[in-house]
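The values are calculated or read from the model by the stated rules, or taken from the named source; none is laboratory data. This is a predicted model, so every value here is computed, not measured. Cβ placement follows ideal geometry from the backbone for every residue including glycine, while neighbour counts extend to all protein chains displayed.
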Amino acid sequence: MKTEKKGSAVLKTILFTEATNENIEAAAEIIRRGGLLGIPTETVYGLGADALNADACRRIYEAKGRPQDNPLIIHVPDSTWLSRYCENVPESAYRLADEFWPGPLTMILPKKDVVPYRTTGGLDTVGVRCPNHPVTLAVIRAASVPVAAPSGNTSGRPSPTTAADMVEDMDGKIDGIFDGGACSVGVESTIIDLTCEPPRLLRAGGLPLEELQRVLGTVLVDRCITQPVADGEHPRAPGMKYRHYAPKAPVTVVTGDGEKSADYIARHAQQGAGVICFSEYRALFPGRVIHDLGPEGDKSEQARRVFDALREFDVTGVPEIYAQCPDDAGLGLAIGNRLKKAAGFHVVEV
Ligand code: AMP
Ligand code: MG
């Protein structure tokens, strides 16, 4: 792969394609020596480094162009690692881990001193998750340190869901990328803050809110999930205040019954416009550039495709984009949130 001159540093990005012991060991060695590694997870690809090494974590921010106060999530191989890095771990954290780890759930807990402030963006809390991907679990175990990893995109770009997406953003800027196949979930982890009572949902993601309610009872939903963050507001998940990925063309999200939203879009989208629609309605948009979000009833498929849809329209250069949107149940909350953020919360209800 290409090498890039960045200041005086020249980095050759190694692409690991097979999960052999030798490759796992070489990837773990990158982490141990303070390097940067693209890691596959079930949600999106992450940009990993030793979470206990402040200098390595600083390089994550540099490679992504990420604001310094936007904290990193640390990845562990199982719940026995929670008490190494977190203070006062409540019993509810272990219940959630038993139910949903490895899986797309990040818990916010008070951090121990061993976790550098560089990793947590200056916060006294830390986000912890156990990803459901054999390669990354093996790399973390071999490295024997937790791996801090935000999504592997350049800040402001959509999250990468294949190794090729990550190569596009990070080739020449990091030490290696481990290709573990396409992500099976496709949206980021759900984030639950366990430092408050009742617990609070900070980001809708790959684990539906209803699943958390089943285990925890009452869960508050932070307002930044459903509304734009105002200037000067400090949301509990600092990342939520940053402009998320938005295609260059203006996006309008149309919520409500599928037939009605398709009809609205068919009447309003100009020729050559981009349309993100459910498979059933494709034929209604002749002369427009279509990105199929998947069948109306299959939210898992929609979650896998949503970032792809947003990425693709920048390449095709459409003048405007309209998107159908699932309801809020299950994964719909996360899919709708990503679409609405890309639209700057420009939403039409039909
Ligand atoms: P990314 O990994 O790029 O998807 O971003 C991680 C997200 O987790 C960001 O929105 C952060 O603001 C959020 N996050 C990480 N650690 C914490 C924490 N200690 N408290 C609140 N939010 C956090
Ligand atoms: Mg991200």
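Just a few scattered comments:
- Considering residues of the stretch 179-200 that are crowded, with 24+ Cβ neighbours inside 10 Å and outside any loop (DSSP other than H, G, I, E, B) only, the residue nearest to ligand 2 (Cβ to nearest atom): I191
- Of all residues making up the stretch 35-56, the number that are more than 12 Å from ligand 1 (Cβ to nearest atom), touching a helix residue (DSSP H, G or I) at 6+ places or on another chain (Cβ under 7 Å) and under 21 Å from K111 (Cα atoms): 3
- Residues that are aliphatic (A, V, I, L, M) and modelled with pLDDT of 85 or more, drawn from the stretch 203-236: A204, L207, L209, L212, V215, L216, V219, L220, V221, I225
- If the condition is being out of contact with any strand residue (DSSP E or B) (no Cβ under 9 Å at 6 or more places or on another chain), part of a helix (DSSP H, G or I) and of a type outside the set (G, A, S), then the stretch 306-350 contributes F307, R311, D314, V315, R338, K341.
- Some residue of the stretch 276-284 being within 21 Å of F345 (Cα to Cα), surrounded by fewer than 17 Cβ atoms within 10 Å (Cβ to Cβ) and touching a residue at least 24 places away in the same chain (Cβ under 8 Å): no
- Members of the stretch 48-107 that are in contact with a strand residue (DSSP E or B) (Cβ under 7 Å, 6 or more places away or on another chain) and among the aromatic types (F, W, Y): Y85
- So G186, is it touching a strand residue (DSSP E or B) at 6+ places or on another chain (Cβ under 9 Å), within 25 Å of P102 (Cβ to Cβ) and not β-branched (V, I, T): no
- Top-ranked residue in the stretch 129-169 [being modelled with pLDDT of 95 or more and among the basic types (K, R); ranked as farthest from ligand 1 (Cβ to nearest atom)]: R141
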